[in-house]
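The structure appears right after this line, and notes come after that.
The values are calculated or read from the model by the stated rules, or taken from the named source; none is laboratory data. Because the structure is a prediction, the values reported are computed rather than measured. For neighbour counting, all protein chains shown are included, and Cβ atoms are generated from backbone atoms with ideal geometry for every residue, glycine included. For the accessible areas, the whole protein counts, side chains as well, though only heavy atoms, and no ligand, DNA or RNA atoms are used. Shrake-Rupley method; radii C 1.70, N 1.55, O 1.52, S 1.80 Å.
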Amino acid sequence: MAQEVRGVVAPGKDEPVRIETIVVPDPGPGEAVVKIQACGVCHTDLHYKQGGISDDFPFLLGHEAAGVVESVGTGVTDVAPGDFVVLNWRAVCGKCRACTRGRPWYCFDTHNAEQKMTLASTGQELSPALGIGAFAEKTLVAAGQCTKVDPAVSAEVAGLLGCGVMAGIGAAINTGNVGRGDTVAVIGCGGVGDAAIAGSHLAGAAKVIAVDIDDRKLETARSMGATHTVNSRETDPVEAIRELTGGFGADVVIEAVGRPETYRQAFYARDLAGTVVLVGVPTPEMKLELPLLDVFGRGGSLKSSWYGDCLPSRDFPMLVDLHVQGRLDLGKFVTETVGLDQVEHAFDRMHAGDVLRSVVVL
Ligand code: APR
Ligand code: ZN
Ligand code: ZN
């Protein structure tokens, strides 16, 4: 039986969000209904609300979520009712060229739930943000979007692995392959950059240099494991990173802003043969000009990191285990917990740079 629950809907471009009654269908083949316990408020939700991602309004927002599987459709074997799960954006197919070559984050055949959730009042179909739509008491997803993790972790912490925190940690440990003794610089210390710092610390980096234009962010970066900080409003960050690395540049530079000037800084702040990892997402009109001889002569590699190049079934349980064991404190990313009716307020606080993450708890 389809059921009615409360959820946060973005009705149209730049309109304030509303709490609506939404209809969640029973899970079809390969699908699951998840009772949401917590869901982080991410920039991407705000972009959806502003119409920056698609015009497919109304959106059911929320995509950094954890909860308990309530029911599953036919053919679902990996998760069962009662399982505590973290949700991911898309279920990968496991069969395409990207999947079989061990790069499932580039899967050509990802999918979300096929059935649609609807607005109870009008019957209108809802577009779930990033295929999840978890600012709701319950949501419908593809079963492959659910990854079982140790229920010893709180839901508000576990949910963060579904997006920004995974993107940052994965940029360091998966894409950048940061290893013991490496020098790492992270440019931009918001939630994603801070997670890259925590990931680099976890991986055993010898130095983790945090770069930001805001001293408050640099202070938080230190609590995440940064060993050095550079305010790039006051100091040339490329020079500072070179100085801090014996004149060489960092083995791995992670860019977590998404602007031409910070892309340039990342490019020049790496050691010869070092790695630049791009996590910050630029806008379509942004361009950067570089002398080709510098591209050729500096060697190394430039990589972009998609969703932290994560494999949810491998990475979510691992990071939860490390958190539960006290070796990685994911709780630091949760600035505040709020109710479903405070999402609009959480957007304002995020916009003002006041929070790493507000997390909606249900
Ligand atoms: N140099 C250094 N730091 C900067 C600069 C700059 N020129 N401009 C902004 N910053 C800092 C901000 O002060 C802030 O601390 O970058 C940080 C950005 O953080 P958030 O706005 O919280 O963004 P976050 O969620 O961390 O995402 C960062 O990664 O995944 C992508 O789409 C995401 O492009 C975004 C980026
Ligand atoms: Zn695939
Ligand atoms: Zn997100």
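How about region 100-126: which of its residues are open to solvent by 20 Å² or more (accessible area, probe 1.4 Å), in contact with a Phe, Trp or Tyr (Cβ under 9 Å, 6 or more places away or on another chain) and either more than 16 Å from ligand 2 (Cβ to nearest atom) or among the polar types (S, T, N, Q) (or both)? I'd like the intermediate steps shown before the answer.
Of region 100-126, the ones open to solvent by 20 Å² or more (accessible area, probe 1.4 Å) are 100-103, 105-106, 108-116, 118, 120-125.
Checking which are in contact with a Phe, Trp or Tyr (Cβ under 9 Å, 6 or more places away or on another chain) leaves us with 105-106, 110, 112.
Within region 100-126, THR110, ASN112 qualify.
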Restricted to region 21-51 and to residues being within 16 Å of ligand 1 (Cβ to nearest atom) and either of a type in the set (Asp, Glu) or assigned to a helix (DSSP H, G or I) (or both), the residue least open to solvent (accessible area, probe 1.4 Å) is ASP45
Taking the conditions exactly as written (out of contact with any Leu (no Cβ under 7 Å at 6 or more places or on another chain) and farther than 20 Å from ILE173 by Cβ), does MET318 satisfy them or not?
no
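Condition first: in a loop (DSSP other than H, G, I, E, B), acidic (Asp, Glu) and at pLDDT 95 or above. Now tell me which residues in region 328-362 satisfy that. Let's see the steps before the verdict.
So in region 328-362, the residues in a loop (DSSP other than H, G, I, E, B) come out as 328-329, 334-335, 339, 352-357, 362.
Narrowing the set further to residues that are acidic (Asp, Glu) leaves 329, 354.
Within region 328-362, just ASP329 meets the criteria.
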Here the residues within region 62-81 that are away from ligand 1 (no atom under 16 Å from the Cβ) and closer than 17 Å to THR337 by Cβ are ALA65, ALA66, GLY67
Of (1) farther than 17 Å from LEU87 by Cβ; (2) of a type in the set (Lys, Arg); (3) not in a loop (DSSP other than H, G, I, E, B), LYS13 satisfies every one except (3)
Of the residues in region 233-246 that are open to solvent by 50 Å² or more (accessible area, probe 1.4 Å) and within 13 Å of ligand 1 (Cβ to nearest atom), the one that is nearest to CYS189 (Cα to Cα) is ARG233
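Results for (1) modelled with pLDDT under 95; (2) polar (S, T, N, Q), shown as yes or no for each residue.
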{"position": "ALA10", "(1), (2)": "no, no"}
{"position": "GLU15", "(1), (2)": "no, no"}
{"position": "PRO25", "(1), (2)": "no, no"}
{"position": "GLY28", "(1), (2)": "no, no"}
{"position": "TYR48", "(1), (2)": "no, no"}
{"position": "SER54", "(1), (2)": "yes, yes"}
{"position": "THR74", "(1), (2)": "no, yes"}
Per the filter on region 301-345, residues among the β-branched types (Val, Ile, Thr) and open to solvent by 30 Å² or more (accessible area, probe 1.4 Å) are VAL324, VAL334, THR335, THR337
Per the filter on region 312-349, residues acidic (Asp, Glu) and in contact with a strand residue (DSSP E or B) (Cβ under 7 Å, 6 or more places away or on another chain) are GLU336, ASP341
Subset of region 233-264, residues assigned to a helix (DSSP H, G or I) and closer than 19 Å to ASP182 by Cα, comes to PRO237, VAL238, GLU239, ALA240, ILE241, ARG242, GLU243, LEU244
When LEU319 is run through (1) under 24 Å from THR245 (Cβ atoms); (2) assigned to a helix (DSSP H, G or I), the failure sits at (1)
Over region 247-257, the set of residues within 19 Å of GLY191 (Cβ to Cβ) and either without any contact (Cβ under 8 Å) to a residue 60 or more places away in the chain or open to solvent by 60 Å² or more (accessible area, probe 1.4 Å) (or both) is VAL257
When restricted to ARG6, ARG90, ARG18, ARG97, the only residue within 16 Å of ligand 2 (Cβ to nearest atom), among the charged types (D, E, K, R) and surrounded by fewer than 20 Cβ atoms within 10 Å (Cβ to Cβ) is ARG97
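Considering each of VAL23, VAL69 in turn, give the residue that is touching a residue at least 12 places away in the same chain (Cβ under 8 Å) and in contact with a Phe, Trp or Tyr (Cβ under 9 Å, 6 or more places away or on another chain). Talk me through it step by step, then tell me what you get.
On the way: VAL23 fails: in contact with a Phe, Trp or Tyr (Cβ under 9 Å, 6 or more places away or on another chain).
Only one candidate qualifies: VAL69.
Somewhere in region 65-72, is a residue within 16 Å of ligand 3 (Cβ to nearest atom), within 19 Å of VAL141 (Cα to Cα) and under 21 Å from the mean Cα position of the chain (by Cα)? Quick ask: steps written out before the conclusion?
Taking region 65-72 first, the residues within 16 Å of ligand 3 (Cβ to nearest atom) are 65-66.
This time we only want the ones that are within 19 Å of VAL141 (Cα to Cα), so: 65-66.
Applying the additional criterion that residues be under 21 Å from the mean Cα position of the chain (by Cα) yields 65-66.
Looking for residues that are within 16 Å of ligand 3 (Cβ to nearest atom), within 19 Å of VAL141 (Cα to Cα) and under 21 Å from the mean Cα position of the chain (by Cα), one finds at least one in region 65-72, hence yes.
Quick grid of which residues meet (1) open to solvent by 20 Å² or more (accessible area, probe 1.4 Å); (2) among the small types (Gly, Ala, Ser):
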| position | (1), (2) |
| --- | --- |
| CYS163 | no, no |
| ILE173 | yes, no |
| ARG180 | yes, no |
| CYS189 | no, no |
| ILE197 | no, no |
| GLY204 | yes, yes |
| ILE209 | no, no |
| SER223 | yes, yes |
| ASN231 | no, no |
Per the filter on region 262-300, residues free of Cβ contacts under 8 Å to residues at least 12 places away in the same chain and either open to solvent by less than 30 Å² (accessible area, probe 1.4 Å) or aromatic (Phe, Trp, Tyr) (or both) are PHE296
